[in-house]
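Structure record follows, encoded as structure tokens.
The values are calculated or read from the model by the stated rules, or taken from the named source; none is laboratory data. Small disclaimer: the values here were computed from a predicted structure and weren't measured. Counting neighbours? That spans all protein chains shown, and the Cβs are built from the backbone with ideal geometry, glycine included.
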Amino acid sequence: MKTPEEIFEILKNKFGDAVVEIDTETPVDKIITVDAKKVHEIGKFLRDDPEMKFDALMSLSGVDDANGEKVTNEEDGTFEYKGGTLSVYYHLHSIKLKHKVTLKVSVPREEPEVESVESVWKTANWHEREAYDMFGIKFLHHPNLERILMPYDWPGGYPLRKDYKNPEYYHGMKIHF
Amino acid sequence: MGFLDKEFDDGNIVVAKAEDLLNWARLSSLWQLSFGLACCAIEMMATSASHYDFDRFGVIPRPSPRQADIIIISGTVTLKMALRIKRLYEQMPDPKYIISMGSCANSGGPYWKHGYHVLKGVDRVIPVDVYVPGCPPRPEALLEGLLKLQDKIRKETLRKKTA
């Protein structure tokens, strides 16, 4: 059993710059920030290393950090974010060693590309499709990156982004009340 | 209604109008498409089960829209599902009836403002006969809705479908 701080040290020694920082100020989980293009390698290490054995990906969630420049349209009061980041959080659990860790990657909003961890944990397949569906985060080397909740032919972008605007119609059905 | 409560000296004869007979037959065996969407479907199943016993009104679940007379829209209608509901409704043979059950199917319910994926009322895609309010409606409310529908069918005429 290892604490997140110990896991961070081990990862830092093994992966160097790909492991960015650990946030210990959070109220519950300590969060380790890693490189979006290396997360599958780090995941594979965390799964297979005898001291880690993170055999379960409990959750994979997308987050819109909404930390870019907020541009408000004066005419209709709508707004959108320029720049800033989208994030993905990975909650890992080792059933064998009974310890947990949280990973985080942040990617630019204009080009949100994260390496898929589907090859490491099969659970990630649908979770990544959901993050893609709701936030538009592209998971590289995912076997089937399609929308999972919204209709396949959904015209209107990614609904859980903070600056999301619903389309007026879908197949002739008015969406707004 | 009608002819069933009329007494005759000869017990083997019943006099009735043809449309009364048809209406009586229709309202007494409203076969339901077994189709549920959300939490309202749980109440609908409770209504079908022995305690509330939908069957005493002739409501029997059918697995195919080709055999169904009535579809109960029991739950949140997402935009994705709305297209399928329309298809199911079109597959049902006439005469066919719709009960919209619960706030979501009536108007979008709690999703009316921020529900980016919810159709704000199933009556935007198919014609609803009876709206049952509630979130979800209790089985008694659904039964009341069914009785209202039966009243509507009872007043239909051969010249014009009024329900």
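The figures follow:
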{"item": "Some residue of the stretch A:12-29 being over 19 Å from residue A:98 (Cβ atoms), touching a residue at least 24 places away in the same chain (Cβ under 8 Å) and crowded, with 19+ Cβ neighbours inside 10 Å", "result": "no"}
{"item": "Selection within the stretch B:108-125 - of a type outside the set (Ser, Thr, Tyr) and in a loop (DSSP other than H, G, I, E, B)", "result": "B:108, B:112, B:113, B:114, B:115, B:117, B:119, B:120, B:121, B:125"}
{"item": "Test for residue A:5: is it more than 16 Å from residue A:112 (Cα to Cα) and in contact with a Gly (Cβ under 6 Å, 6 or more places away or on another chain)", "result": "no"}
{"item": "Qualifying residue in the stretch B:138-149 (condition: of a type outside the set (Val, Ile, Thr) and within 14 Å of chain A (Cβ to nearest Cβ))", "result": "no"}
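Let's see how each residue does on (1) within 30 Å of residue A:160 (Cα to Cα); (2) over 13 Å from the mean Cα position of the chain (by Cα); (3) within 14 Å of chain A (Cβ to nearest Cβ); (4) at pLDDT 95 or above:
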site: B:114; (1), (2), (3), (4): yes, yes, yes, no
site: B:120; (1), (2), (3), (4): yes, yes, yes, no
site: B:123; (1), (2), (3), (4): yes, yes, yes, no
site: B:127; (1), (2), (3), (4): no, no, no, no
site: B:135; (1), (2), (3), (4): yes, yes, no, no
